[in-house]
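Asker: First the structure, then my questions, so here it is.
The values are calculated or read from the model by the stated rules, or taken from the named source; none is laboratory data. Fair warning: this is a prediction, and the values are worked out from it, not measured in the lab. Heads up, the Cβs are rebuilt from the backbone with ideal geometry, glycines too, and the neighbour counts pull from every protein chain shown.
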Amino acid sequence: MASGSRIGSRLVGAGCLSALLLGSGCAGSTAQRASYVEQYEQGRYTQASVNAIRVVRDSGAPDRDLARLTAGLSAHALGRNDEASVWLRPLTERSDDQIAGKALAALGLIALEDGEDRTAAKLLSRAAGKLRGDDSAHAALFAGDAYSNLGSFEAARLQYRLAQSSAKDPGVKALVASRLGEGFTLQVGAFANRGNAERTRRRIEQDSVLDTLGEPTVLARKDNRGGTLYLVRVGHFHTERDARAAQLRTGVGGIITLASAEDTAG
């Protein structure tokens, strides 16, 4: 089971770091794309890292910042977050908004995974301001998740709305829409196994006190490694104060979180 109080950090979407690299705004020669950018995009992270670092060390090579970015993202994909941060931090102050924005976004996602929500919110908000289109929408979406983890719900909603205004791709729009419900709900658990989530849902249904909160639901969310988490949520409240009062009254535990569109549908 994932921790009931720390689930948002894992819900950053399958392949989100891939979406942060190249595509819009990051130029490179065809040969260079073949040697490390395309390797990264194909999931060949070790080869991408080796070839990107080779370019960085060649003082005469073009696109060295692009190579640094690729080296950083590849290190993260390989689980080497300390190494990734070393590559990415110097890029955050570059004049090229695409390079700086993508580095900020990647560092923000690393912080989000590590439960450093305040740092993540700051980095991802900055990234959203530098990037454009779906890249900006992704960064704002995850900034919203970080603010939600902090209990800063108005700031979270602001970021979700910014993401909504920037998103172009239908898949990104759907991801943003899933965050934009109204009100609050109680999240009592997050599970890698759907069976465990369903057992928790049934336990709530059969509890005479918890049953007063309404029908519990199980929502599927992609995590940052492409797996699925099953979130168990119950109740819908107009204000955070109402949600907290219900939590105290029933002793349900878990966390108060923003209701998603799925929570409020029907």
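Asker: Does at least one position in the range 200-223 carry a residue that is modelled with pLDDT of 90 or more, over 14 Å from residue 259 (Cα atoms), within 27 Å of the chain's Cα centre (by Cα) and basic (Lys, Arg)?
Answerer: yes
Residue-wise test of (1) part of a loop (DSSP other than H, G, I, E, B); (2) at positive phi; (3) among the hydrophobic types (A, V, I, L, M, F, W, C).
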| position | (1), (2), (3) |
| --- | --- |
| 48 | no, no, yes |
| 52 | no, no, yes |
| 62 | yes, no, no |
| 65 | no, no, no |
| 71 | no, no, yes |
| 89 | no, no, no |
| 111 | no, no, yes |
| 120 | no, no, yes |
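Asker: Let me ask another. Could you look through the range 108-119, keep only residues that are under 17 Å from residue 86 (Cα atoms) and without any contact (Cβ under 8 Å) to a residue 40 or more places away in the chain, and pick out the one that is surrounded by the fewest Cβ atoms within 10 Å (Cβ to Cβ)?
Answerer: By that ranking, first place goes to 119.
Asker: Which condition number in (1) over 28 Å from residue 53 (Cβ atoms); (2) surrounded by fewer than 24 Cβ atoms within 10 Å (Cβ to Cβ) is the one that residue 140 fails?
Answerer: (2)
Asker: Hey, can you tell me all the residues within the range 161-179 that are touching a residue at least 60 places away in the same chain (Cβ under 8 Å) and farther than 17 Å from residue 217 by Cα?
Answerer: Matches in the range 161-179: 175, 177.
Asker: Has the range 144-157 got any residue that is assigned to a helix (DSSP H, G or I), touching a strand residue (DSSP E or B) at 6+ places or on another chain (Cβ under 9 Å) and among the aromatic types (Phe, Trp, Tyr)?
Answerer: Within the range 144-157, one or more residues are assigned to a helix (DSSP H, G or I), touching a strand residue (DSSP E or B) at 6+ places or on another chain (Cβ under 9 Å) and among the aromatic types (Phe, Trp, Tyr).
Asker: Tell me which residues, restricted to the range 36-91, are more than 24 Å from residue 123 (Cβ to Cβ) and among the aliphatic types (A, V, I, L, M).
Answerer: Matches in the range 36-91: 50, 55, 61.
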